[in-house]
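Chemist: Would you mind keeping the following structure in view while I ask a few things?
The values are calculated or read from the model by the stated rules, or taken from the named source; none is laboratory data. These numbers come from a predicted model, not from an experiment. In this analysis, Cβ positions are derived from the backbone assuming ideal geometry, glycine residues included, and neighbour counts consider all displayed protein chains. For accessibility, only protein heavy atoms count, side chains too; no ligands or nucleic acids. Shrake-Rupley method; radii C 1.70, N 1.55, O 1.52, S 1.80 Å.
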Number of protein chains: 2
Amino acid sequence: MEKEQQLINPELRHEVELRLERLVPMMKESGMDAMLIGSNANIFYAAGRFFRGYVYLTAQGRAIYFVIRPDIYAKNDDVVVIRKPEQIPAELGLLGIEPPKSMGLELDTLSYSDVERLKKVFAESTVLNASPILRRGRMVKTPFEIRLMKEDGEHQAAVYHKISRLYKRDMTDVEFQIEIERVLRLEGCLGFLRVSGQLMEINLGSVLAGPNADAPSAYDFAMGGSGVSPALPGGACGEIMHVGETVMVDVNGCFNGYQTDMTRVWTIGEVSPLAHKAHECSRRILRVLEEIGRPGTEVRELYDRAVAIAEEEQLSQYFMGHRQHALFIGHGVGIELNEAPAITARCRDLLQEGMTLALEPKFVIPGVGAVGVENTYVVTEHGLESLTHFPEEMQNLL
Amino acid sequence: MEKEQQLINPELRHEVELRLERLVPMMKESGMDAMLIGSNANIFYAAGRFFRGYVYLTAQGRAIYFVIRPDIYAKNDDVVVIRKPEQIPAELGLLGIEPPKSMGLELDTLSYSDVERLKKVFAESTVLNASPILRRGRMVKTPFEIRLMKEDGEHQAAVYHKISRLYKRDMTDVEFQIEIERVLRLEGCLGFLRVSGQLMEINLGSVLAGPNADAPSAYDFAMGGSGVSPALPGGACGEIMHVGETVMVDVNGCFNGYQTDMTRVWTIGEVSPLAHKAHECSRRILRVLEEIGRPGTEVRELYDRAVAIAEEEQLSQYFMGHRQHALFIGHGVGIELNEAPAITARCRDLLQEGMTLALEPKFVIPGVGAVGVENTYVVTEHGLESLTHFPEEMQNLL
């Protein structure tokens, strides 16, 4: 039997404390004595690793890790092995922790039945919603998290540098996507990415070629696509890619549990002047947003400015879709693909230093396909700093 | 603008009715006047396609499809476009449908917050849990669903026939898995599979080589593996595969929204007699279960017989894991990878004709790896009929 591992990697102990300390003031403000974290993404956030179980966090900043599996970690005052959540109150008692008067649970993520079960476990506690606190806590990244995302961005760029070589004449969009996925996986992509909620179902990203970019989809992605099956109606459709069409590649970079989101466009031969114009407009929007995106800027100002520039260039009808329009131009990104804030007209958040945002002002040109650029940025006092460095010009595959 | 599509494909109308009719008696038995289906897997089940929205099913068997997106379907008395669930009661009123006294919602799947929102929408209705009814309804497949699963099994077998050729000396388990995933995708695999709940996070399946098969994982899969990242601790670990080790391939076949689950084992050169013995024991277990698995058989009898055979061959310590043991030997499978029934000692279900089960009696041999076979079966009056036809013998990759 090998030596028992520490659940909290010693090098990460300080990092984990930093994350949890972020939550404590928000808990106090909400009158929450403790919070029980049970969703996969938030366990990974609270422990720096995923395990099955719960993280119990007190408003005094103490964290107890209740591990169901795997049973491979050294036990101590902070790490307790359980089989089921019903054991938690007694274990807390043994540790001298008083039952909480008010208890935060992730009401936006856990199923109704799971929450009802946990309510019975903490029958004496008032239940509050911990989801908004975790969402807001995770929205601003620590320096360590930003380093992980930079690393992801470098891997993702290395993959994008290989994309032109993967194209073969008369390939379908799906075949092209498969070769990109393979290179992505060989670069170290985990082959899975976390998304929040059920409004998105996705493997490693999306490749949209030609008119398929204009097919409305069932999902909440910026762009659509019909998919190849009524079981999963989104993304590539299996058609051969033709001269005069664009190919939008938006395949993700999840190499370490964090993600960067980057989109670039390739073309099959020459594409129409309108497509070029719209692509350049997307780049112009990004340059403006990079400049104004500083701590204190209203998130909705990013949205409004993007919409205004598209309108000024008379491209509104193509902006964020043509037959179906998305009502956001970007989103927070990190452990999950779709984090706070959503960059919409109605967002009430202000930018804060350390937020990480994917901005994706895109256009769909009928008969040609999708154009535009997406980068992942971190908010700094000097504006938005890109984590996804790869040439933004459209590249011709022929 | 192209012609509007029918939401319910006319060829599938009868099929969809058949599925919904299955639910009606269970609704009546539970005193449920109506059910509002809102989870992705169940919408796909209830409509034969996925869309974002809700399916409202009355205990009289009438179904109304409330579509949020995509807005591409022909409207009629059964298909209503909405922006949000708050519009549903008024729309039902226009259709002459009375408010339900009791309302089924998927409490095991929808988030607590989503359920609370729907409860407000149907404030006059008592809320009941629709999840068990949908789980039981989906457990027994229609002939059409079984045909789709047969088709999946054929595709999956075609992929498995190519696996031996993908191996190169000194490959890592992850590299081998990537080449298998590519062939799987080229064969038509959708590149995504649905799982129920958050106890599993998976891309297209698992490749477990050598001692990594003995690493306990955080997930509820039959086998473990450490994974390559603390963000996703399960499956292949990135080590080179060595002579004397087994490679267990359990990559899934989701080609049309349904799945078959099949596992086969390859070896790097010769492996130990114990590994061979355990592999043959797995096959013997399957032969016995295929025979006794008839309508009316207790599900737990399948479990008990498998355990008894492993014990008889003195292989219990390796059965369903070695350092960590799974407490099931199989599971229902269909739209989701993990459907009812779970084949455990405590299951109270009886087998019914048309159930589809993945049976996976597996062993982990320390220092060698995992062995055993998994097939997906349909329950028939003559016993279990396999949907996954591929030679069961271990194949040597050298």
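Chemist: Which of (1) outside any strand (DSSP E or B); (2) open to solvent by less than 40 Å² (accessible area, probe 1.4 Å) is the odd one out, the single condition A:ALA358 does not satisfy?
Modeler: Condition (1) is where A:ALA358 drops out.
Chemist: Continuing with this model, one more query. Without any contact (Cβ under 8 Å) to a residue 24 or more places away in the chain and over 23 Å from the mean Cα position of the chain (by Cα) - does that describe any residue in the range B:322-340?
Modeler: Taking every residue of the range B:322-340 in turn, none turns out to be without any contact (Cβ under 8 Å) to a residue 24 or more places away in the chain and over 23 Å from the mean Cα position of the chain (by Cα).
Chemist: Test each condition in (1) assigned to a loop (DSSP other than H, G, I, E, B); (2) open to solvent by 50 Å² or more (accessible area, probe 1.4 Å) for A:VAL271 and report the one that comes out false.
Modeler: Tallying (1) assigned to a loop (DSSP other than H, G, I, E, B); (2) open to solvent by 50 Å² or more (accessible area, probe 1.4 Å), A:VAL271 fails exactly one: (2).
Chemist: Scan the range B:27-39 residue by residue and report those that are within 14 Å of chain A (Cβ to nearest Cβ) and farther than 17 Å from B:VAL79 by Cα.
Modeler: B:SER39
Chemist: Which one of these does A:ALA123 not meet: (1) farther than 16 Å from B:SER113 by Cβ; (2) within 13 Å of chain B (Cβ to nearest Cβ)?
Modeler: Going through the list (1) farther than 16 Å from B:SER113 by Cβ; (2) within 13 Å of chain B (Cβ to nearest Cβ), A:ALA123 breaks only (2).
Chemist: Would you mind stating whether A:VAL79 is over 21 Å from the mean Cα position of the chain (by Cα), facing chain B (nearest Cβ under 10 Å) and in contact (Cβ under 8 Å) with a residue 60 or more places away in the chain?
Modeler: It is false that A:VAL79 is over 21 Å from the mean Cα position of the chain (by Cα), facing chain B (nearest Cβ under 10 Å) and in contact (Cβ under 8 Å) with a residue 60 or more places away in the chain.
Chemist: Go over the candidates A:PHE66, A:PHE44, A:PHE50 one by one and state the one that is under 29 Å from B:GLY197 (Cβ atoms) and in contact with a strand residue (DSSP E or B) (Cβ under 6 Å, 6 or more places away or on another chain).
Modeler: A:PHE66
Chemist: Considering A:ILE88, A:ILE43, A:ILE68, which residue is aliphatic (A, V, I, L, M) and farther than 25 Å from B:ASP214 by Cα?
Modeler: Matching residue, one of A:ILE88, A:ILE43, A:ILE68: A:ILE88.
Chemist: Okay, moving on. Using beta carbons and a limit of 6 Å, which pairs, at least six apart or on different chains, have the first residue in the range A:134-148 and in contact (Cβ under 8 Å) with a residue 12 or more places away in the chain and of a type outside the set (Val, Ile, Thr) and the second one surrounded by 22 or more Cβ atoms within 10 Å (Cβ to Cβ) and in a loop (DSSP other than H, G, I, E, B)?
Modeler: A:LEU148/A:TYR258
Chemist: Can you pull out every residue in the range A:90-101 that is surrounded by fewer than 14 Cβ atoms within 10 Å (Cβ to Cβ) and either outside any loop (DSSP other than H, G, I, E, B) or among the β-branched types (Val, Ile, Thr) (or both)?
Modeler: Of everything in the range A:90-101, those that are surrounded by fewer than 14 Cβ atoms within 10 Å (Cβ to Cβ) and either outside any loop (DSSP other than H, G, I, E, B) or among the β-branched types (Val, Ile, Thr) (or both) turn out to be A:ALA90, A:GLY93, A:LEU94.
Chemist: Taking A:ALA236 as meeting all but one of (1) closer than 30 Å to B:VAL207 by Cβ; (2) at the interface with chain B (Cβ under 8 Å from one of its Cβ atoms), write down the number of the exception.
Modeler: With respect to (1) closer than 30 Å to B:VAL207 by Cβ; (2) at the interface with chain B (Cβ under 8 Å from one of its Cβ atoms), A:ALA236 is out only on (2).
Chemist: Look at B:ALA358 and say whether it is modelled with pLDDT of 95 or more, aliphatic (A, V, I, L, M) and in contact with a Cys (Cβ under 8 Å, 6 or more places away or on another chain).
Modeler: It is false that B:ALA358 is modelled with pLDDT of 95 or more, aliphatic (A, V, I, L, M) and in contact with a Cys (Cβ under 8 Å, 6 or more places away or on another chain).
Chemist: Tally the residues that are touching a His at 6+ places or on another chain (Cβ under 8 Å) and more than 23 Å from A:CYS281 (Cα to Cα), restricting the search to the range A:341-359.
Modeler: Qualifying residue count, the range A:341-359: 1.
Table: residues versus (1) of a type in the set (D, E, K, R); (2) surrounded by fewer than 20 Cβ atoms within 10 Å (Cβ to Cβ); (3) within 11 Å of chain A (Cβ to nearest Cβ); (4) free of Cβ contacts under 8 Å to residues at least 60 places away in the same chain.
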site: B:GLN5; (1), (2), (3), (4): no, yes, yes, no
site: B:PRO25; (1), (2), (3), (4): no, yes, no, yes
site: B:ALA41; (1), (2), (3), (4): no, no, yes, no
site: B:ARG62; (1), (2), (3), (4): yes, yes, no, yes
site: B:LYS84; (1), (2), (3), (4): yes, yes, no, yes
site: B:MET103; (1), (2), (3), (4): no, no, no, no
site: B:LEU107; (1), (2), (3), (4): no, no, yes, yes
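Chemist: Keeping to the range A:64-74, report how many residues are away from chain B (no Cβ under 14 Å) and more than 17 Å from A:GLY93 (Cβ to Cβ).
Modeler: 1
Chemist: Only residues that are part of a strand (DSSP E or B) and at negative phi: list them for the range A:379-398, please.
Modeler: A:VAL379, A:THR380, A:LEU384, A:GLU385, A:SER386, A:GLN395, A:ASN396
Chemist: Being buried (at least 21 other Cβ atoms within 10 Å of the Cβ), in a loop (DSSP other than H, G, I, E, B) and at the interface with chain A (Cβ under 9 Å from one of its Cβ atoms) is the filter here, so list the residues in the range B:175-191 that pass it.
Modeler: The answer is B:LEU190, B:GLY191.
Chemist: Across the range A:230-263, which residue is most open to solvent (accessible area, probe 1.4 Å) among those that are more than 21 Å from A:ALA370 (Cα to Cα) and of a type in the set (S, T, N, Q)?
Modeler: Once the filter is applied, the top-ranked residue is A:ASN256.
Chemist: Right, next: I'd like to check something: does the range B:201-211 contain any residue that is out of contact with any Pro (no Cβ under 9 Å at 6 or more places or on another chain), assigned to a helix (DSSP H, G or I) and aliphatic (A, V, I, L, M)?
Modeler: no
Chemist: Another question about this same structure. Could you count how many residues in the range A:364-378 are in a loop (DSSP other than H, G, I, E, B) and crowded, with 24+ Cβ neighbours inside 10 Å?
Modeler: Residues flagged as in a loop (DSSP other than H, G, I, E, B) and crowded, with 24+ Cβ neighbours inside 10 Å within the range A:364-378 amount to 1.
Chemist: Further question on the same structure: Tell me the residue from A:ARG287, A:ARG283 that is part of a helix (DSSP H, G or I), away from every other protein chain (no Cβ under 14 Å) and free of Cβ contacts under 8 Å to residues at least 40 places away in the same chain, please.
Modeler: Going through A:ARG287, A:ARG283 in turn, the sole match is A:ARG287.
Chemist: Restricting attention to the range B:192-224, report how many residues are hydroxyl-bearing (Ser, Thr, Tyr) and open to solvent by 10 Å² or more (accessible area, probe 1.4 Å).
Modeler: Residues that pass the stated criteria total 2.
Chemist: Then there's this: Against the definition (at pLDDT 95 or above and either assigned to a loop (DSSP other than H, G, I, E, B) or over 25 Å from B:ILE68 (Cα atoms) (or both)), how does A:GLN324 come out, yes or no?
Modeler: Answer is no for this residue.
Chemist: Quick one: B:GLY31 ticks every box in (1) open to solvent by 10 Å² or more (accessible area, probe 1.4 Å); (2) more than 21 Å from A:TYR112 (Cα to Cα) except a single one, so which number is it?
Modeler: Failing condition for B:GLY31: (2).
Chemist: Looking at (1) open to solvent by less than 50 Å² (accessible area, probe 1.4 Å); (2) assigned to a loop (DSSP other than H, G, I, E, B), which one does B:PRO295 not meet, given that it meets all the others?
Modeler: Every condition holds for B:PRO295 apart from (1).
Chemist: How many residues does the range A:194-220 hold that are touching a strand residue (DSSP E or B) at 6+ places or on another chain (Cβ under 8 Å) and more than 9 Å from chain B (Cβ to nearest Cβ)?
Modeler: Number satisfying all stated conditions: 12.
Chemist: Could you list, in sequence order, the residues of the range A:247-266 that are of a type in the set (A, V, I, L, M) and part of a loop (DSSP other than H, G, I, E, B)?
Modeler: A:MET262, the sole residue that qualifies.
Chemist: What number of residues in the range B:131-167 are out of contact with any helix residue (DSSP H, G or I) (no Cβ under 8 Å at 6 or more places or on another chain) and in a loop (DSSP other than H, G, I, E, B)?
Modeler: 0
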